[in-house]
1. Can you give me the number of residues within the stretch 120-133 that are without any contact (Cβ under 8 Å) to a residue 60 or more places away in the chain and in contact with a Phe, Trp or Tyr (Cβ under 6 Å, 6 or more places away or on another chain)?
2. Here are some conditions: (1) in a loop (DSSP other than H, G, I, E, B); (2) of a type outside the set (A, V, I, L, M); (3) buried (at least 22 other Cβ atoms within 10 Å of the Cβ). His131 meets all but one. Which one does it not meet?
3. Filter the stretch 142-196 down to the residues that are among the polar types (S, T, N, Q) and part of a strand (DSSP E or B), then identify the one that is farthest from Ala60 (Cα to Cα).
4. Could you name every one of the strands (runs of 3 or more DSSP E) located completely within the stretch 219-299 that has at least 2 residues being over 24 Å from Ala122 (Cα atoms)?
5. For the stretch 78-98, state whether one or more residues are over 20 Å from Glu6 (Cα atoms), open to solvent by less than 20 Å² (accessible area, probe 1.4 Å) and of a type in the set (Ser, Thr, Tyr).
6. Only residues in the stretch 1-26 that are at pLDDT below 95 count as the first member; pair them with residues that are open to solvent by less than 10 Å² (accessible area, probe 1.4 Å), Cβ under 9 angstrom, at least 6 apart or cross-chain, and list the lot.
7. Does Asp69 count as of a type in the set (D, E, K, R) and either at positive phi or crowded, with 18+ Cβ neighbours inside 10 Å (or both)?
8. Looking at Val261, is it at pLDDT below 95 and out of contact with any Ser or Thr (no Cβ under 7 Å at 6 or more places or on another chain)?
Amino acid sequence: MAEVRELARGLRFPEGPVVMDDGSIVVVEIARGTLTRVGTDGSVSVVAEGLPGPNGAALAPDGSLLVCDNGARFDWLDIMGLTVPAPLTSAGWTGGSLRRVDPVSGEVTSLVTECDGRPLLAPNDLVLDGHGGVWFTDHGHIRERTTDRTGVFYAALDGSSIREVIHPLDSPNGIGLSPDGTRLYVAETHHGRLLAWDVVAPGEVASTEGLNTGADVLAHPGGGRLFDSLAVHPDGTVVVGTLGDGGLTVVAPDGSSVTHVALPDPLVTNVCFSADGATAYVTLSGTGVLGALDWPVRS
């Protein structure tokens, strides 16, 4: 099992880690409804509060934070000391959105709540490209006998435009771009698969027709592992937060190798990297820990 340096504890299901310019890490606390900053000195402070279900975050060029908000999709359970999202969508769900947060004032602005007249359900994770746009996933709802088939959206950073690019997918979660922006990666949670498409223009992929909605399947490790959010290392490696057998699944850009880094939490939801790629910051959500580990991990 990899050695994790604990940066903060007592967080309420942290996700969406973002390295800020001052070296601090901002995470969402989904079960608390906040964006929270963990300082380089270990201090913990609230950046913004009152968010129904902040799920993923990314730093915009103007210094603001873009946030996927799932609209309070989850109820929360305490199981053997772990904070665990309930399997079915909460009766308190308020509607999904893409939001902007000012990290200084804490002001929250709603950017997008629908696409082509259809409401967003439970936006989950996002990645900005170099063309003034943001890709994001909508995880959808789970009910007692049905689940939504959702997809991947592309929106302008100011929310002035949005379109659905890929549909249908089942429980799309983590999303990322290759360092050169030519490859889009999406993790499907309940299938435990990592999918990839070629990006041919801003907000466009080569094809969404055919098996797997036109995607290449880069990883499908099985063994009860479910995929959560992801990050792309500066060297192009795709690293996926993994549930069940908690840890990080490390996938070569072409899928030629798939390895698992075990971590001390069954609900490892997300990861991000320092600019030089030497440190991985991970959210151990069940135990409420933000941790760091040296990268690459050496056994």
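The values are calculated or read from the model by the stated rules, or taken from the named source; none is laboratory data. Computed from a prediction, not measured in an experiment: that's the story for all the values here. Every residue, glycine as well, gets a Cβ built from its backbone with ideal geometry; the counts of neighbours run over all protein chains shown. Note: accessible area is taken over every heavy atom of the protein model, side chains too, but ligands, DNA and RNA are not part of it. Shrake-Rupley method; radii C 1.70, N 1.55, O 1.52, S 1.80 Å.
1. 0
2. Unmet condition: (3).
3. Thr147
4. Qualifying strands (runs of 3 or more DSSP E): 247-251, 258-262, 279-284, 289-294.
5. Scanning the stretch 78-98 turns up at least one residue that is over 20 Å from Glu6 (Cα atoms), open to solvent by less than 20 Å² (accessible area, probe 1.4 Å) and of a type in the set (Ser, Thr, Tyr).
6. Close Cβ pairs (under 9 Å, with a partner that is open to solvent by less than 10 Å² (accessible area, probe 1.4 Å)) amount to Met1/Gly247; Met1/Leu263; Ala2/Gly247; Ala2/Leu248; Ala2/Leu263; Ala2/Leu293; Glu3/Leu293.
7. Judged against the criteria, Asp69 is a match.
8. Criteria not met by Val261.
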